[in-house]
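The values are calculated or read from the model by the stated rules, or taken from the named source; none is laboratory data. In this text the structure is predicted, and so the values were computed from the model without any measurement. Neighbour counts are summed over all protein chains in view; Cβ atoms, including those assigned to glycine, are modelled from backbone coordinates with ideal geometry.
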Amino acid sequence: MLVATLAATRADAAPTNAGRGNEDAAKAAFARGLRLSEDGQYEAARIEFERSLELKPTRSAAVNRAVCLRHLGRFEEALTAIRSILKEKNLPKGERESLEREASSMEDLFGTLTVVAPPDTTILVDDVEKGAAPLKAPLAIGTGVHLVAARRNGAVIASARVSIAAHTSRELVLTAGVAVADEKKRPEVVPPTKVSPPPTRASVAPWVLGGVGVAALATGGVLFVVRDQNARDTRDAIAAKSLSTNDFESRRQRNDSLRLGAQVATVGGALAIGGAALWIGLRSGTSAEKETAISCSPSFLGGVAVGCQGAF
């Protein structure tokens, strides 16, 4: 979200009759609100700014309170606060233009909700009273999920959560113990484009790999046979006592080499054949058609937002 910091305000609201003590307390609350908002603790910052406004109303505190309300997703209250500030006649031109841009961008964050509830009940949205049923007009509701309730004689008789999107209208029917929410107008939904997978091309690589594996297995088998024959000849020579010490050591080293070569060839051949089979299996599995749906939606926090002011 783009942030445009307003110029520091020196002349705020008209002076009040509050004493110096109230002004110092208001400044302290304002400073705490700034620190909290810089740390992203907007709810705590809102409370501090409201405390500052109670002690000594200033335009800086009012603007920063509206900023916190927007960050908290309380768009209706934030927009109402900004419109209230815009009513001031002595508002500097640059600050007025920034606030007008902010108000314009926030107006795009609302949808409308028509609430149908039993007569003689009070309609509440997120615990804020909106009037008695039947309401005279649809409610402008900020985007997001809201809790809507109907209250009679201090007790909630029906409630429901409803999701509001920008530039859409919904209708919510509340009856005692039952709540049904229906969209009155639905935005046009474009079906996802069906993307055909690219044609698969035949590859000889897995077959070559498989052939190499078979050859390696065959080589390993031959080496095992030669090693066994060499071992039998050695045993026969030892039995005939015609084998010298040097010949025996040479035959032993040859047997070890044959055994190692046979093992390497056998394992390598098995791995090559297994890899070729896996390769062929995976390529055959990709021929199944798959659908991919990609949807894009604009960010509801787009536009220019008002940043916190640093001057009390």
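The figures follow:
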quantity	calculated
Tally, over the stretch 101-125, of residues that are surrounded by 14 or more Cβ atoms within 10 Å (Cβ to Cβ) and out of contact with any Phe, Trp or Tyr (no Cβ under 9 Å at 6 or more places or on another chain)	17
Condition met for THR112 (under 15 Å from GLU76 (Cα atoms) and over 23 Å from the mean Cα position of the chain (by Cα))	yes
Number of the condition not met by ARG46 [criteria: (1) in a loop (DSSP other than H, G, I, E, B); (2) modelled with pLDDT of 90 or more; (3) surrounded by 14 or more Cβ atoms within 10 Å (Cβ to Cβ)]	(1)
Checking ILE123 against (1) of a type in the set (Val, Ile, Thr); (2) assigned by TED's automatic domain parsing to the domain that holds ALA25; (3) not in a helix (DSSP H, G or I), the condition it does not meet	(2)
Qualifying helices (runs of 4 or more DSSP H) (wholly inside the stretch 51-108; at least 3 residues being among the basic types (Lys, Arg) and farther than 25 Å from ASN22 by Cα)	93-107
In the stretch 270-285, the residues that are within 17 Å of ALA205 (Cβ to Cβ) and surrounded by 11 or more Cβ atoms within 10 Å (Cβ to Cβ)	LEU271, ALA272, ILE273, GLY274, GLY275, ALA276, ALA277, LEU278, TRP279, ILE280, ARG283
Set VAL189, VAL128, VAL178: member being modelled with pLDDT under 85, within 24 Å of GLY73 (Cα to Cα) and surrounded by fewer than 12 Cβ atoms within 10 Å (Cβ to Cβ)	VAL128
Residue count, the stretch 223-256 (criterion: surrounded by 14 or more Cβ atoms within 10 Å (Cβ to Cβ) and among the aliphatic types (A, V, I, L, M))	5
Any chance PRO92 is out of contact with any helix residue (DSSP H, G or I) (no Cβ under 9 Å at 6 or more places or on another chain) and closer than 27 Å to ALA28 by Cβ	yes
Unmet criterion (only one of (1) at pLDDT 90 or above; (2) in contact with a Ser or Thr (Cβ under 6 Å, 6 or more places away or on another chain)) for ASP12	(1)
Residue pairs meeting the criteria (Cβ under 6 Å; at least 6 apart or on separate chains; first in the same structural domain as GLU43 (by TED's automatic domain parsing) and part of a helix (DSSP H, G or I), in the stretch 17-29; second at pLDDT 75 or above and among the polar types (S, T, N, Q))	ALA26/SER52; ALA29/SER52
